[in-house]
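*Asks:* Dropping the structure in here first, questions after.
The values are calculated or read from the model by the stated rules, or taken from the named source; none is laboratory data. Since this is a predicted model, take the numbers as computed values, not measurements. Ideal geometry is used to build each Cβ from the backbone, glycine not excepted, and the neighbour counts take in all protein chains shown. Protein only, heavy atoms only, side chains kept; ligands, DNA and RNA dropped before computing areas. Shrake-Rupley method; radii C 1.70, N 1.55, O 1.52, S 1.80 Å.
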Amino acid sequence: MGSDLRLWGQLRADKAGMAGLLVVAAYFLLAVGVWAGMLGQDWSSAGGDRWASPGAEAWFGTNLLGQDIFQRSIYSVRTAFEIGLVVSVLSTLLGAILGAVAGWYGKTWVDGSVLWLAGVLDSIPFYLFVAAVAFALQGKPWAMHVAMVATFWTGTGRLVRAEVMKIKSREFILSARAIGLPDLVILARHVLPNTGHILLIQASIVFVAAIKTEVILSFLGLGVQDGVSWGLMLAESTQEVLAGHFNNFIAASAMLFVLLMGFNQLSDALQDAFDPREAAL
Amino acid sequence: MNFALRKLAHGGLLILGVTLISFSLMVWFGPDQTYSLVGKNASAEQIAEIRKQLGYDQPFIERYVSYLTDLFTLNLGASNSSGEAVSNILKKTIPVTIQLMIPGFILGNLLGIALGLLATYRKGRWIDRLINGFSVTSMSISFLVVIIFLQVFLCTPYGLNLFPVRGWQVTGLSSYLLYVTVPTLSLVFITVGYNTRFYRAVFVEEAGKDHIRTARAFGASPASILWRHVLKNSLVPITTRFMFSIPLIVVSGSLLIESYFGIPGIGKVTFDAITNGDQPVLKAVVGLTAVAFIFIQVLTDMIYKLIDPRIA
C-alpha cells in the first residue's frame, strides 16, 4: 500500500506523464460516449455532398461518400479502445501465464517449449502471420485480434519469465513452499502479483502497438471489417489526397497521433516510476 | 563444438516450428483452390481428381512432410496464379526489395546510434530531452500517415512535386535515387524513434559502469570515452538488434511500402500470394525467411566472437 502511494506520488510529479494520462482519460470518455450511444452515431449515413468543406453541418467536412468526417473520427475512438483493450488485456494475460509457468519450471522441458513457441512466433514475419490468420478465419471480424494476441504475448512472456525466475528463489517463496502450499497457489497468490509492474507497462506498450497495427491492417484490407476506424479513414484518404482533399487524412491522423502520444507519455512515466534507477538519470 | 551443435539443434527446432505453423495456417486452413481450377459444372469425379492432384485427400502429416521435402530439396514449383517458376519470381523481386530497403535500414540505424550517443553525452540536458521528445513523436505516428504525408508533400503538386508518385522504373543511379528517396525517408522516420530509444538505453547503461568511471578518473575526454569505451562495449546489443531486424524489415516492412507505392518486390508478391492463396510462392517465402533467420542467428554468434572474445 505504501509503495502504491509512493508510485502515485512519483507519477503525479511527472508532468508529461500526467498530461498523457489526461489525454487517455479524455479519449476514454469519448469512447464511453460512443458506447452509450450519445456520440458519433451518425458515422455511416451518406447524406451530404462529397468532399464538403468544414462547416456547421459537418465540422470536419465530408469524405468521398459524403459522410461526416467528424462523426467518423469520434466513432473511431470506440473502435480503437475496443481493439487496444481486447488485445492488450488478452496478450498480457497470456504472456503472464505462459511466462510465469516457464519461469517457475525454469530450465525444464516446460520452459523449453514456451521459449520455443515464442521463438517460432517471433521468426514469422508479422504481417504474413496476420494475413494468414485472417485467411484461416475467413471473414471473422476478430481474426485481427487473434493474430495480434498470438504474437504480442511473447515480449511480456519473456519479461515475466525472467522476473519469476528471480522471485522464485526469494525467501517468502521458499517459506510458502516449506509450509506445503501447492505450486499453483504460490504462483497465483505470491509470484504473479509481484510481476504487476511489468504487466502494467507491457499492457500500455501493447495497447499502442495494437492501435498502430490496426491502421496498417485496415489499409491492407485485413483489419476492421464492419464499422469505422482511423485505419479505414486513412485507407480512404489515400484515394482522396491525390485529388487534393485532405480533411479525412488530417482528422484521422490527428486523432490517432494525440492518443498515441498520450499513451506513450503515460507508458514512459510508468516505466520511470517503477524503475527508479532509470528515472534518477 | 558443443556450442555449435546446440545452436544447430536449436535452429532446426525453430525451422520445424515455423514451417509447422505456417503450413497449418496457410495450407491446411488456407484457401481451397479446387473451385478455381475445375471448370464450370464439374462432375464429382473431376472435383475428386483435382483434389487428388492438389494433395487435398492426404492426411495432415503426409502433406506436411511433403511440404518439408519440397522446401529442403528446393523444389519450389511454379506460381498458381501466373504459372511462372517461383525461383524466377524470387530472382526478380528480391533484388528490388534489397535495393529499396537497404538505404533506409542503414540510415535509420546509423541515425539512431548517432542520436543515442548524443543523448547519452548530454544526458539530462535539454538536447537529451529534445531527442527524447523527437523519438516519442516518431513512435506516435503511424507508418501509413508518414507515407501518405511524404507522398503528398514530396510527390504531388500540393507539395514540392519532386519525385514520382508511385512505381519503380529504375534504369540507373539517377532513376534509382528518384524512386528510392520517398520510401527511404518514410522508413528512416518510422524506425529512428525506436532505434534511438533502444541505443540510448544501451549506451546509458554502459556509461554507468565502473570502468567508465575509472577512465574518467584517468582524465580521458568525454568524446573518447563515448567512442572508445561506450560504443565499443555496446557492439554486442547493437549487432543483435541490427542483424535480427534484417529478415523482419525485409519482408514485413517492405510489404506496406511496396503495396503503397506499387513496387514489384518480394513484399508485394508475398502479399498478393496470401490473398490469392498462391501456395507455392508462400511456401518459398516463409521457408526462406525461416532459414534466413536461422542463418542470421548463427552469423550473429560468429560476429559476437569477433567483437567480444569472452563469448565462447
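*Asks:* What helices in chain A pass both tests, a Cα length along the helix axis of 20 Å or more and a mean Kyte hydropathy of 0.0 or higher, using whole DSSP H runs? All intermediate terms of the calculation are to be shown ahead of the outcome.
*Replies:* Working: long enough: A:15-35 (30 Å, 1.83); A:69-104 (51 Å, 1.29); A:109-123 (21 Å, 0.97); A:143-168 (37 Å, 0.52); A:196-219 (35 Å, 1.70); A:247-274 (40 Å, 0.90).
Going by DSSP H runs, the hits are A:15-35, A:69-104, A:109-123, A:143-168, A:196-219, A:247-274.
*Asks:* Determine the per residue accessible area of region A:191-242 with all protein chains present and a 1.4 angstrom probe, expressed in square angstrom.
*Replies:* Solvent-accessible surface per residue comes out at 28 Å².
*Asks:* Still on this structure, I have one more. Which one of B:Gly172, B:Pro264, B:Leu118 has its Cα pushed farthest toward the positive end of the charge dipole of chain B, where Lys and Arg give +1 and Asp and Glu give -1 at the Cβ?
*Replies:* B:Leu118
*Asks:* Helix-only mean residue ellipticity at 222 nm, the protein assembly as shown, DSSP H runs n ≥ 4 weighted -39,500 (n - 2.57), per residue, nearest 500. What is it?
*Replies:* Using -39500 (n - 2.57) per qualifying helix, the result is -23500 deg cm²/dmol.
*Asks:* In the P(r) worked out for the protein assembly as shown, what percent of Cα pairs fall beyond 47 Å?
*Replies:* Details: 30169 of 175528 pairs.
Across the protein assembly as shown, Cα pairs with separations above 47 Å total 17 percent.
*Asks:* Got a sec? Which residues of region A:211-225 lose 40 Å² or more of accessible surface with every protein chain in place, vs. that chain alone, 1.4 Å probe?
*Replies:* So the qualifying set is A:Lys212, A:Ile216, A:Phe219, A:Leu220.
*Asks:* With the solvent-accessible surface defined on protein heavy atoms using a 1.4 Å probe, which residues belonging to region A:232-248 display a reduction of at least 50 Å² in accessible area in the multichain context relative to the isolated chain?
*Replies:* Going by heavy-atom accessible area, the residues of region A:232-248 that drop by at least 50 Å² are A:Leu242.
*Asks:* Over region B:93-264, average the accessible area per residue using a 1.4 Å probe and give it in Å², no decimals.
*Replies:* For region B:93-264, the per-residue accessible area is 46 Å².
*Asks:* Moving to a separate point now. For B:Lys123, give me every one of the lysines with a C-alpha distance below 28 angstrom, ignoring sequence neighbours fewer than eight places off in its own chain.
*Replies:* Answer for B:Lys123, where 28 Å is the Cα cut-off: A:Lys15, B:Lys209, B:Lys232, listed by chain and number.
*Asks:* Something else now. By average Cβ neighbour count within 10 Å, what is the ranking of B:273-280, B:133-140 from highest down?
*Replies:* Averaged packing, sorted descending, gives the order B:273-280, B:133-140.
*Asks:* Give me, ordered by chain and number, the residues 5 or more places off B:Ser81 or on other chains with an amide H under 5 Å from its own placed amide H.
*Replies:* Under 5 Å from the amide H of B:Ser81: no residue qualifies.
*Asks:* Hey, got the dipole for chain A? About the Cα centre, +1 on K and R Cβ, -1 on D and E Cβ, debye to the nearest 20?
*Replies:* 940
*Asks:* Looking only at other chains, what is the average number of their beta-carbon atoms within 10 angstrom of each beta-carbon in A:131-141?
*Replies:* Across A:131-141, the average partner-chain Cβ count within 10 Å equals 4.
*Asks:* What spacing in nm lies between the two simple spin-label points modelled at B:Thr137 and A:Ala178, each 7 Å away from Cα in the Cβ direction?
*Replies:* That separation, rounded to one decimal, is 5.7 nm.
*Asks:* Okay, moving on. Provide a whole-number value for the mean count of partner chain Cβ atoms within 10 Å of the Cβ atoms in peptide B:84-94.
*Replies:* Values: counts 0, 0, 0, 0, 0, 0, 0, 0, 0, 0, 0.
For this peptide, the per-residue mean of nearby foreign Cβ atoms is 0.
*Asks:* For chain A, modelled as a GNM with alpha-carbon contacts under 10 angstrom, which of A:Val224, A:Val191, A:Val149 fluctuates the most?
*Replies:* Of the options given, A:Val191 has the highest mean-square fluctuation.
*Asks:* In region B:93-264, what percent of the accessible surface is made up of carbon and sulfur (1.4 Å probe, ligands and nucleic acids excluded)?
*Replies:* Reported share for carbon and sulfur atoms: 69 percent.
*Asks:* Please work out the average accessible area per residue across region A:83-169, using the 1.4 Å probe convention, and give it in Å².
*Replies:* Accessible surface, normalised per residue, equals 38 Å².
*Asks:* Further question on the same structure: Ignoring the sites themselves, what is the longest stretch of chain B with no trypsin sites (Lys or Arg not before Pro) in a DSSP loop and at most 16 other beta-carbon atoms within 10 Å?
*Replies:* Answer - B:210-309.
*Asks:* Right, next: Protein chains only, probe 1.4 Å: how do A:Lys166, A:Lys212, A:Lys107 rank by accessible area, largest first?
*Replies:* A:Lys107, A:Lys166, A:Lys212
*Asks:* In the Gaussian network model of chain B, springs joining C-alpha atoms below 10 Å, which of B:Gly55, B:Gly267, B:Gly253 carries the largest mean-square fluctuation?
*Replies:* B:Gly55
*Asks:* Further question: How much length is gained if the chain between A:Lys15 and A:Asp226 is pulled fully straight, taking 0.36 nm per residue apart and subtracting their Cα-Cα distance, in nm to one decimal?
*Replies:* 72.1 nm
*Asks:* Could you work out the mean count of beta carbons from other protein chains within 10 Å of each residue's beta carbon in B:231-243? If you can, show how the numbers build up before the last one.
*Replies:* Working: counts 0, 0, 0, 0, 0, 0, 0, 0, 0, 0, 0, 0, 0.
Shielding by partners across B:231-243 averages 0.
*Asks:* Take each complete run of DSSP H in chain B, measure how far its Cα atoms stretch along the helix's own axis, and keep only those covering 24 Å or more with mean Kyte-Doolittle hydropathy at least -0.5; list them.
*Replies:* B:2-22, B:86-121, B:173-207, B:279-307
*Asks:* Sticking with this structure for a sec: Roll a 1.4 angstrom probe over the protein heavy atoms and tell me the percent of accessible area of region A:167-281 that is carbon or sulfur.
*Replies:* Working: 2860 of 4780 Å².
Within region A:167-281, the accessible surface is 60 percent carbon and sulfur.
*Asks:* Given the pairs B:Lys92/B:Lys283; B:Lys52/B:Lys91; A:Lys107/B:Lys7, which span a C-alpha to C-alpha distance of over 23 angstrom in this model?
*Replies:* The answer is B:Lys52/B:Lys91.
*Asks:* As an exercise, use a Förster radius of 51 Å and the Cβ-Cβ distance of A:Lys140 and A:Ser53 to find the FRET efficiency, rounded to the nearest 0.05.
*Replies:* Here the calculated transfer efficiency is 0.85.
*Asks:* Using a probe radius of 1.4 Å on protein heavy atoms only, what is the accessible area buried between chains B and A, both sides summed, to the nearest 100 Å²?
*Replies:* 3900
*Asks:* With labels modelled as points extended 7 Å from the Cα through the Cβ direction, what inter-label distance (nm, one decimal) is found for A:Gln41 paired with B:Leu8?
*Replies:* 6.9
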